[in-house]
Each structure stands twice: as structure tokens, then as C-alpha cells.
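Heads up: the structure comes next, in C-alpha cells.
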Amino acid sequence: MPKDFPRARRVADQIQRELPELIRQEVKDPRVGMLTITEVEVNRDMEFAKVFFTTLGGEAEHAACLQGLQRASGFLRSQLSHRMQLRVVPKLTFVYDRSVERGIELTQLIESAVAEDAKHPKDEST
């Protein structure tokens, strides 16, 4: 998020604080299980908010959770309007965040490279 829009950043931060509690307490959809809101991006005119989330489980659980969140997005938006002091609450779009998975993959690659390097001692005479 650009630093030129501090109000949009504050709104995004507040949405990121409020949404997990709303999802945990209010959403009854069984597809929406344990999840973590990793980031919220609100556009400059505060009409739309992209909510990045991550869950545990396989690809099927991710897709099911995304469907459940998309179905509950209108409800969540109305609940946010009761909690936040805004004239217009942004429309919520949910996006599965693969950065955690990618970080784990990169860590495993680094660990395997270090282990492979440890198997072959360096010749210090050169």
C-alpha cells in the first residue's frame, strides 16, 4: 500500500483487526475453519478491500474456505459497518495468500542446499 494514503491504511488495519473476530464468532459456515488474515489492502477511494488469508490443510480446504468466505462477504461487510465508524464500508474480496507456503518451500530448498554442501567438504588448498 502506498504511503500516500494513510487513511486507507488505517481502514485496512482496522478491518484486519475486526475480521478475524467476526469470522470466529459470527460465521457459521462449516467450510470456514481456522484461518489467519495476513493482510488487507484497501484501494484509494476505499470502495474495495482485498483480504489475504491463509489456512492449514490442503488445496481442497483452501478452495472450500474461499467459497465460504466469498459467500459470507456481504454479511461480514454489514457486521463491519456496525463496528467501524465509516460512511461506506469497502466491498470485501478474499484472496488465498500463498506466501506462507512459498516461504516454507524456500526454507526447505535452502536447508537441502546446506545439507548437500555439508556432504562435500571444500578443498581448502585452492
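Values quoted throughout were computed directly from the atomic coordinates according to the rules given, and no laboratory measurement underlies them. Note that the structure is a prediction, hence the values are computed from the model and not measured. Because the Cβ atoms are built from the backbone with ideal geometry, glycine has one as well, and the counts that use them run over all protein chains shown.
Values computed for the structure shown
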quantity	calculated
Long-range Cα-Cα pairs in the stretch 52-126 (distance over 20 Å), rounded percent	58
Where the Cα pairs of the chain fall when distances are cut into 10 Å bins, in %	12, 36, 24, 12, 8, 6, 2, 0
Value of [θ]222 nm, deg cm²/dmol, for the chain, DSSP H segments ≥ 4, -39500 (n - 2.57) each, nearest 500	-18500 deg cm²/dmol
Listed residues 99, 8, 23: farthest to the positive end of the dipole of the stretch 6-119 (Cβ charges)	8
Relative contact order for the chain, counting Cα pairs under 8 Å that sit 6 or more residues apart, in percent	24
FRET E, pair residue 78, residue 50, Förster distance 30 Å, beta-carbon r, rounded to 0.05	0.95
Neighbourhood charge, 13 Å Cβ-Cβ cut-off, centred on residue 70 and excluding it, Lys, Arg +1 and Asp, Glu -1	+4
Folded to 0 to 90 degrees: helix 99-119 orientation relative to the chain principal axis, Cα	10
Packing-based ranking, highest mean first, of 40-49, 58-67 given that Cβ atoms within 10 Å are counted	40-49, 58-67
Net charge dipole size for the stretch 6-119 [Lys, Arg +1 and Asp, Glu -1 on Cβ; Debye, nearest 20]	760
Cα long-axis angle, helix 6-26 against the chain (0 to 90 degrees, to the nearest 10)	90
